[in-house]
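Working notes, structure below.
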Amino acid sequence: MNLRRIRYRLRKSLAQRGVIATARLLLHKGLRPGSRTIDRAKEYVSVHPFDRQFGVETSGLLFAEDLPSGSHKDLFNAGYFGVAPSAFRQILHRLQLDFEKYTFVDLGSGKGRALLIASEYPFRAIVGVELSPKLHAIAVANIANYRGSAQRCQDIRSIEADATEYSFPDGPLVVYLWNPFEAPVFTSVLANLEATLARNPREVYIVYIQPDLDPLLEASRFWRKLWRDEFQMSEEDYAAHAFPPRAELCSVYRNVLGSQ
Ligand SMILES: C[S@@+](CC[C@H](N)C(=O)[O-])C[C@H]1O[C@@H](n2cnc3c(N)ncnc32)[C@H](O)[C@@H]1O
C-alpha cells in the first residue's frame, strides 16, 4: 500500500471506529484494505472494447483514495468500475418499462458508461450524479464524444454532486446504483429519495447492481422487492471485468405507492 492509501485507510478507520478501536486494529491486524473491491480484483483487459467502439474512455478500476472530492463522503465511496454492458442491457430489457415515461438517474455515474448505454433506450431524460470532479469531467467529455448510432435519448447529462444532496427531477424515475457507496451514505441517499416521494409521490424503480446493502431496502416499508437475479456477461465483458464473478447480480425494487 502506498502512503496515500495508508492515510486514507487511517482516516476512514478513525471516522468509522474511533481512536481506540483503530489503535487496537493497528496493533492486531494492521490497516488491511477494507474494500471488497480490492479483495476481489483479477487479471483483466485494461481498456474495454466499448471505449474503442464508441470513441469514449470509461475503463479502469479506481479506488476511493484515487477519487478525492474534498467531501467527507469520500470515506464511504466504494470506488469506480464501469458496468458490464451486456449484463446492463439485459437488466434494462428485463424491466419491461414504457421508457418514455421515466427519467433514468444513475447515482454514482462515474465516467458515464451506464448513462451512454441507457441512451439506447427512449428514456425521457438521463442524468448521472457523480461525486468525483475528475470522473464527472470525463463523463462530460464522453457524452460529447459518444458515437453510438442506436441512441434513442439525446437528453443526457452528468452532474457533479453528492448523491445524498441531489434534488430528484419530477416524474417517474428509474434510480440506478452499481454498488457506489457504503451504508452511511446509502442510508442518507434513501432518506433523501423517500422524503422526495413523500412530497411528490410517483412511481420509482430502484435498479441495484452488486446489491451488498439489500437488507437496508428490504427493511424499508417504502420499497417492495420485485426480483433479484444474475445476468451473465459476454466473453468480451468478462475479459475486461476486474472481478471473478461472470455475472452481475441485480435487485429491483418499486416504491409502495399510496403508503407515502
Ligand atoms: C462502481 S462506480 C459505478 C459507475 C457507473 N454507475 C456504471 O454503472 O458504470 C460508483 C461511482 O459512485 C461514485 N460515488 C461514490 N460516492 C458517491 C456519492 N456520495 N455521490 C455521488 N457519487 C458517488 C464513485 O465516485 C464512482 O464513480
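Condition first: open to solvent by less than 20 Å² (accessible area, probe 1.4 Å) and either of a type in the set (Asp, Glu) or without any contact (Cβ under 8 Å) to a residue 40 or more places away in the chain (or both). Now tell me which residues in the range 203-219 satisfy that.
Answer for the range 203-219, where residues must be open to solvent by less than 20 Å² (accessible area, probe 1.4 Å) and either of a type in the set (Asp, Glu) or without any contact (Cβ under 8 Å) to a residue 40 or more places away in the chain (or both): Asp214, Leu217.
Scan the range 59-109 for residues that are more than 10 Å from the ligand (Cβ to nearest atom) and within 13 Å of the chain's Cα centre (by Cα) and report the count.
Qualifying residue count for the region: 2.
For the range 113-225, please list each of the strands (runs of 3 or more DSSP E) lying entirely inside it that holds at least 1 residues being within 16 Å of the ligand (Cβ to nearest atom) and under 20 Å from Pro68 (Cα atoms).
125-130, 156-160, 173-178
Provide a single number: the residues in the range 98-115 that are among the acidic types (Asp, Glu) and more than 17 Å from Val140 (Cβ to Cβ).
Within the range 98-115, residues that are among the acidic types (Asp, Glu) and more than 17 Å from Val140 (Cβ to Cβ) number 2.
Quick one: in the range 136-163, which of the residues that are open to solvent by less than 40 Å² (accessible area, probe 1.4 Å) and hydroxyl-bearing (Ser, Thr, Tyr) is nearest to Ser109 (Cα to Cα)?
That would be Ser158.
Under 8 Å by Cβ, and 6 or more places apart or on different chains, what pairs join a residue from the range 105-119 that is within 15 Å of Gly60 (Cβ to Cβ) and among the β-branched types (Val, Ile, Thr) with one that is open to solvent by 10 Å² or more (accessible area, probe 1.4 Å) and more than 6 Å from the ligand (Cβ to nearest atom)?
Final answer for the pair search is none.
Please work out if Gly55 is modelled with pLDDT of 95 or more and in contact with a strand residue (DSSP E or B) (Cβ under 8 Å, 6 or more places away or on another chain). I'd like the intermediate steps shown before the answer.
Values: modelled with pLDDT of 95 or more: yes; in contact with a strand residue (DSSP E or B) (Cβ under 8 Å, 6 or more places away or on another chain): no.
No, not satisfied.
The values are calculated or read from the model by the stated rules, or taken from the named source; none is laboratory data. On a predicted model such as this, the values are computed, not experimentally measured, just so you know. Ideal geometry is used to build each Cβ from the backbone, glycine not excepted, and the neighbour counts take in all protein chains shown. Keep in mind that these areas ignore ligands, DNA and RNA; they rest on the heavy atoms of the full protein, side chains included. Shrake-Rupley method; radii C 1.70, N 1.55, O 1.52, S 1.80 Å.
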